[in-house]
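Participant: My questions will all concern the structure given below.
The values are calculated or read from the model by the stated rules, or taken from the named source; none is laboratory data. The structure displayed is predicted, hence computed values, not measured ones. We place every Cβ from the backbone using ideal geometry, glycine too, and count neighbours over all the protein chains shown.
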Amino acid sequence: MSEERPFHSQKSYQPGLVFQPHVHRNIAAGINKLVAAIRPTLGPTPRTVAVTRLDDARKTPEVLDSGGGIARKVIEMSQRDEDIGAMLARALICTQHERMGDGSATAAVLLGAIYRGGVHYLAAGGNAMRLRHYLERALATALEGLDELTAPVSGKDKLAQVAEAICHDAPLAKLLGEIFDIIGAYGQLDVRKDHSRVLRREYIEGMFWNSGLVSRDMIVNQKELQTVYEEPAIVIADFQISDPRHIMPMLELAVDLKVEKLLLIAGELSGDAIAGLMMANGKLKNFAVMAVRGPGMNPDDRQAAVEDLAVVTGGVPLLKVMGQNLRDIRREHFGGARRAWASPHNFGIIGGKGDPRQLRRHVSNLQAQYEREDDSERRGPIQARIGKLMGGSATLWIGGLSESEIEARKATAEATADAMRAAVRDGVLPGGGLSYLTARGRLQPKMNGANDPDERAAYHILYEALAEPARAIYENAGYEPGEVLGRIAQAGDRHGFDVLHGRLLDQASLLDGAAIQKMALKNAVLTAGLALTIDVLVHHRTPEIARDFG
């Protein structure tokens, strides 16, 4: 039995400088290694990559078919210079995966092809900075070609096609197509694990928040564990209500305004305040009140929820920052809705009575904020707010035969949902690498008409690289890429190759999200241009603490 020891890197680096041609050669080796690990996962018939740890070789390897998932597992290459190239590629792939949910393998394949072509040209005497400039110009031309091919997508069948191209799971794709046909690009979708063996979905009318009743004693329907109010008045406050005497002005004004049902949304209520509300339910004739905790896990989320609720209901919120409490309540603080419901864990509003024009402006502002935001973690909450305000909500329950299968399918569903939002919002392109093949038609005249050798090389490099995703898809499915491309060329424009059934199809039958494909190409070109202009590598000595660990 061998002795178990913790895993630490044994490398010790000495300071120094590395110059050309070694820089390009070693960076290319690092990029090529990572791209080679991810390339087999591209397409609807992907091969897989097994990932294991040196410090726990007896553990079952993790089998992955996601470019983003594989890239995350690669922390360091054994050769220091190769590691620089691999980490440049890793940053591109992870960014694509986190931002779009799909297209990471496509971005990797494009990067490898563009950088490889660029290095060959520079080795023959080309100018790196001018090549980078013309690559970016060629990118703009290719994106114009993709824009011309972009088409809107609607209907559950077409949306299911897009989903299946992303997740390669027909039953899951069918449900996601139906869901996004109903909730749209910004609709609220919760993906949850289920104990059954099947997939199922449910829809919730209106908008809801993950925050519930302050007391189970307020539940009217014990079978459904919820309370439903028709035509309720709604009061919104972001502070804690501790003194039961503070609720009396609100109750008195509600009675004066002939309110029969009242929903109070507050930061928190003390036991005495809850008791005061329950007493009002028993004593006041033709009047009922329930209270829910204000949604949000942190101050920013709570502030956002208050803003949204105010716009939806038409009420003016009472705010702690303004020094207000329930004794300051006025008629304008009461909002309303066609219906409100609450359970121990959630509450919802259907048919809020806020100003529709103000609601549209509010949603428009949030959509603009969503488009400006680059950080995926900050985009998520903004998208969730838009989904609530637009009123489309669904839950997708993921079942399976084992916990590991459920977890894997849930992760796939979440990534596919992110990509589907982009497709519904920004349209679709011919899939299977066909959009890139078609966009090459925009580059051909520019390439033939270029007098500058660097410009001509840039257009040629991108022209060749745009065929590489299709080649990888055909190769991964077991076909000879040159033969398939020949069949497509013979069939003429608007035809593609279905690798699942081995036949030519109209391009409209093969769909991919437009934003995914455009972002993959853009980031691949920009990353390749950056890598091609790296001329010197500077090596620092290994820090003392790292050498001690080794």
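Participant: Consider the range 364-386. How many of its residues are more than 20 Å from ALA310 (Cβ to Cβ) and either acidic (Asp, Glu) or surrounded by fewer than 17 Cβ atoms within 10 Å (Cβ to Cβ) (or both)?
Facilitator: Total meeting the criteria: 9.
Residue-wise test of (1) within 14 Å of the chain's Cα centre (by Cα); (2) more than 21 Å from ASN365 (Cβ to Cβ); (3) touching a residue at least 40 places away in the same chain (Cβ under 8 Å); (4) not assigned by TED's automatic domain parsing to the domain that holds ARG339.
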| position | (1), (2), (3), (4) |
| --- | --- |
| GLY380 | yes, no, no, yes |
| LEU389 | no, no, yes, yes |
| THR395 | no, yes, yes, yes |
| GLU403 | no, yes, no, yes |
| GLU407 | no, yes, yes, yes |
| GLU414 | yes, yes, yes, yes |
| ALA417 | yes, yes, yes, yes |
| PRO445 | no, yes, no, yes |
| ASN448 | no, yes, no, yes |
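Participant: Residue check: is VAL259 more than 22 Å from GLN358 (Cβ to Cβ) and not in a helix (DSSP H, G or I)?
Facilitator: yes
Participant: Taking the stated definitions as given, is ILE84 surrounded by fewer than 24 Cβ atoms within 10 Å (Cβ to Cβ) and either assigned to a helix (DSSP H, G or I) or in the same structural domain as ILE473 (by TED's automatic domain parsing) (or both)?
Facilitator: yes
Participant: Okay, moving on. With the requirement that a residue be out of contact with any helix residue (DSSP H, G or I) (no Cβ under 9 Å at 6 or more places or on another chain) and not β-branched (Val, Ile, Thr), what does the range 341-360 give you?
Facilitator: TRP341, SER343, HIS345, ASN346, PHE347, GLY348, GLY351, PRO356, ARG357, ARG360
Participant: Could you please let me know if GLN10 is in a loop (DSSP other than H, G, I, E, B), surrounded by fewer than 22 Cβ atoms within 10 Å (Cβ to Cβ) and at pLDDT 85 or above?
Facilitator: Against the criterion (in a loop (DSSP other than H, G, I, E, B), surrounded by fewer than 22 Cβ atoms within 10 Å (Cβ to Cβ) and at pLDDT 85 or above), GLN10 does not qualify.
Participant: Name the residue, out of GLU164, GLU202, that is assigned to a strand (DSSP E or B) and either surrounded by fewer than 22 Cβ atoms within 10 Å (Cβ to Cβ) or of a type outside the set (A, V, I, L, M) (or both).
Facilitator: On inspection, the qualifying residue turns out to be GLU202.
Participant: Looking at SER104, SER154 in this structure, which one is surrounded by 23 or more Cβ atoms within 10 Å (Cβ to Cβ) and touching a residue at least 12 places away in the same chain (Cβ under 8 Å)?
Facilitator: SER104
Participant: Related question: Suppose we filter GLU136, GLU148 for residues that are surrounded by fewer than 18 Cβ atoms within 10 Å (Cβ to Cβ) and either of a type in the set (A, V, I, L, M) or in contact with a Leu (Cβ under 9 Å, 6 or more places away or on another chain) (or both); which single one remains?
Facilitator: So the residue among GLU136, GLU148 that is surrounded by fewer than 18 Cβ atoms within 10 Å (Cβ to Cβ) and either of a type in the set (A, V, I, L, M) or in contact with a Leu (Cβ under 9 Å, 6 or more places away or on another chain) (or both) is GLU136.
Participant: Moving to a separate point now. Quick check on my filter: what residues within the range 395-432 are under 15 Å from HIS195 (Cα atoms) and in a helix (DSSP H, G or I)?
Facilitator: GLU403, SER404, GLU405, ILE406, GLU407, ALA408, ARG409, LYS410
Participant: Let me ask something else about it. May I ask you to verify whether LEU389 is farther than 23 Å from ARG39 by Cβ and either surrounded by 18 or more Cβ atoms within 10 Å (Cβ to Cβ) or in contact with a helix residue (DSSP H, G or I) (Cβ under 8 Å, 6 or more places away or on another chain) (or both)?
Facilitator: yes
Participant: Let me ask another. Of the numbered conditions (1) in contact with a Leu (Cβ under 7 Å, 6 or more places away or on another chain); (2) of a type in the set (Gly, Ala, Ser); (3) over 12 Å from ALA528 (Cα atoms), SER104 satisfies every one except a single condition; which is it?
Facilitator: (1)
Participant: Also, quick follow-up: For GLY482, work out the one condition from (1) part of a loop (DSSP other than H, G, I, E, B); (2) farther than 23 Å from HIS97 by Cβ it doesn't fulfil.
Facilitator: For GLY482, the exception is condition (1).
Participant: Take the residues in the range 485-497 that are surrounded by fewer than 18 Cβ atoms within 10 Å (Cβ to Cβ) and outside any helix (DSSP H, G or I), then tell me which one is modelled with the lowest pLDDT.
Facilitator: ASP493
Participant: Is it fair to say ARG338 is more than 20 Å from ILE219 (Cβ to Cβ), modelled with pLDDT of 90 or more and not assigned by TED's automatic domain parsing to the domain that holds MET390?
Facilitator: Answer is yes for this residue.
Participant: Could you please give the count of residues in the range 262-279 that are crowded, with 19+ Cβ neighbours inside 10 Å and assigned to a helix (DSSP H, G or I)?
Facilitator: Of the residues in that region, 4 qualify.
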